[in-house]
1. May I ask you to rank Asp267, Asp42 by accessible area, largest first, using a 1.4 Å probe over the protein chains only?
2. For Trp173 and Glu81, what is the calculated FRET efficiency with R₀ set at 45 Å and r taken between the beta-carbons, to the nearest 0.05?
3. Given a 1.4 Å probe and the protein chains all in place, what does the accessible area of Ser78 round to, in Å² to the nearest 10?
4. Using a 1.4 Å probe and counting only protein heavy atoms, arrange Glu52, Glu259, Glu179 so the residue with the most accessible area comes first.
5. Net charge near Leu318: determine it from the other residues with C-beta under 14 Å of the C-beta of Leu318, scoring Lys and Arg +1 and Asp and Glu -1.
6. Given labels modelled 7 Å from the Cα in the Cβ direction, how far is it in nm from Ile409 to Ile313?
7. Would you mind checking the stretch 198-227 for residues with the amide N under 16 Å from a putative spin-label position 7 Å along Cα→C-beta of Leu278?
8. How far apart, in nm, are the 7 Å Cα→Cβ label points at Trp270 and Trp193?
Amino acid sequence: MAYDLGSAQALQWFSIQSLSSQARTLATLCISSYQLSQIQADLNIYLQYLNETSRLTIRAKNTADDCLSSYTLITPKSAAESICSMKTVIWFASQQDPIKLQVADALCANAPKDIVGTYQNMSCINKYLGFSPRFRIVTCPAFAPINQRQITNVYIYMCLGAVSILFLLLVVWFIGNFESRKTRSTETKGSIWATPFNASLLISITCLIWQDALYSVYWGLSVMKMFPSESVINYYLGSQIFGVFWRLSYIFLCFKRSELQISRVFDQLWLQVIKGILVSTPVVQLTPVIANIVEIYYLDKSSFAGTYICQLISASSLLVLDCLFLYAFAKFLLEAKTGNLNQMELNFGIIARYGIVTCLFCFVISVSMMGKVVTIYVNPYNSSLLNIWSLSGSFAMHFVTACQIAMKIHVFLVKKSAGNPGSSGGTAGNGSLRDLMKSSNSAK
């Protein structure tokens, strides 16, 4: 039948068919919609037309009655046992949440017999699960081994996000309460917030907050939807984009804070090479995300190699820059020990020390990026190892940010102590944040 259901042509065609053809048509109508009310309405239209044309037969009526009665025999328990049958899916889609919750409980009770199989079979009804039944299934103890990683990741990234917010509040409080009050008369307080280091630090922390938030939402939706879709992937891509901008802010921060050490350690040729790498860094870091977007929305899996090659290049470029920064910091400190630096340059030793620690943590980020690519290439189903790589990189990013904040505060204390002969004997570096707060309060 090539006509629309319920059209005059379809009804006329149906009325002239043999009894067996009519029975097959009614059986098809029995599973033609995912709403029982619509199926019942369609059956009534066909039976009514047969009755009006005096062609209604006992067989046709019995076929329609058998169809509707087969749905009334379905119970939550029987639905859970055959959740992927067509009639069960139609019945389930037509039910309200209280009945769906009973099916969820029955699925949970059946799960110990075949946990993985039961969980996979739920893809048949995933589209028709409301929030409450979905949450009941996700939190079912029987499925805990399957969902534990996703649920744990939700809480981990929520905690990391809270830490990132604390970072932001700390920096804003420090700049507003201390740096702004120490500005020279020729400076405005707004210019303190807009300094390259402060602006980059605030941007990097903001990116970190958004990355943590989107990662948490991604894992939460992954477990609630149970089977990833494009809407879930969008949150993952968003977190990757903010991760890229965090790395760009980190590289800029490292270069601005270590420009003196780098210019002292490297000759002009190497300085030009480093600046060339820095100029190309935004393109190199953004390319993997762009490749991911193109692969997911425009290409098939044949683009796999290109996508992950871009990620390897991105991680390698970050690793090279960190090696250069680490070399500059280490050599600067070695020269400081030999006494080849003047007193003003010795004050930059604190930046070098924090820089070394920061580079070591950033090595973890680069290695985790490479580890994910290698793991996906060798064994893409090793989700546990992939998760370890992702978490390692995220934790390292927060440690890097913590080091940058600590360096900022420490450098400020050193400058204040060196410029105040009456504090702690006038020795640079002997000031503390507590002393700084006391002096700030006394100045009010």
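The values are calculated or read from the model by the stated rules, or taken from the named source; none is laboratory data. Because the structure is predicted, anything quoted here is derived from the model rather than measured. Heads up, the Cβs are rebuilt from the backbone with ideal geometry, glycines too, and the neighbour counts pull from every protein chain shown. With ligands, DNA and RNA removed, areas are computed over all heavy atoms of the protein, side chains included. Shrake-Rupley method; radii C 1.70, N 1.55, O 1.52, S 1.80 Å.
1. On the way: Asp267 85, Asp42 20 Å².
The ordering from most to least exposed comes out as Asp267, Asp42.
2. Working: r = 60 Å, r/R0 = 1.32.
Approximately 0.15, to the nearest 0.05.
3. Estimated to the nearest 10 Å², Ser78 gives 40 Å².
4. The most accessible residue leads, giving Glu52, Glu259, Glu179.
5. Numbers: positive: Arg247, Lys372; negative: Asp322.
Taking every Cβ under 14 Å from that of Leu318, the sum is +1.
6. 4.1
7. 198-201
8. 4.0
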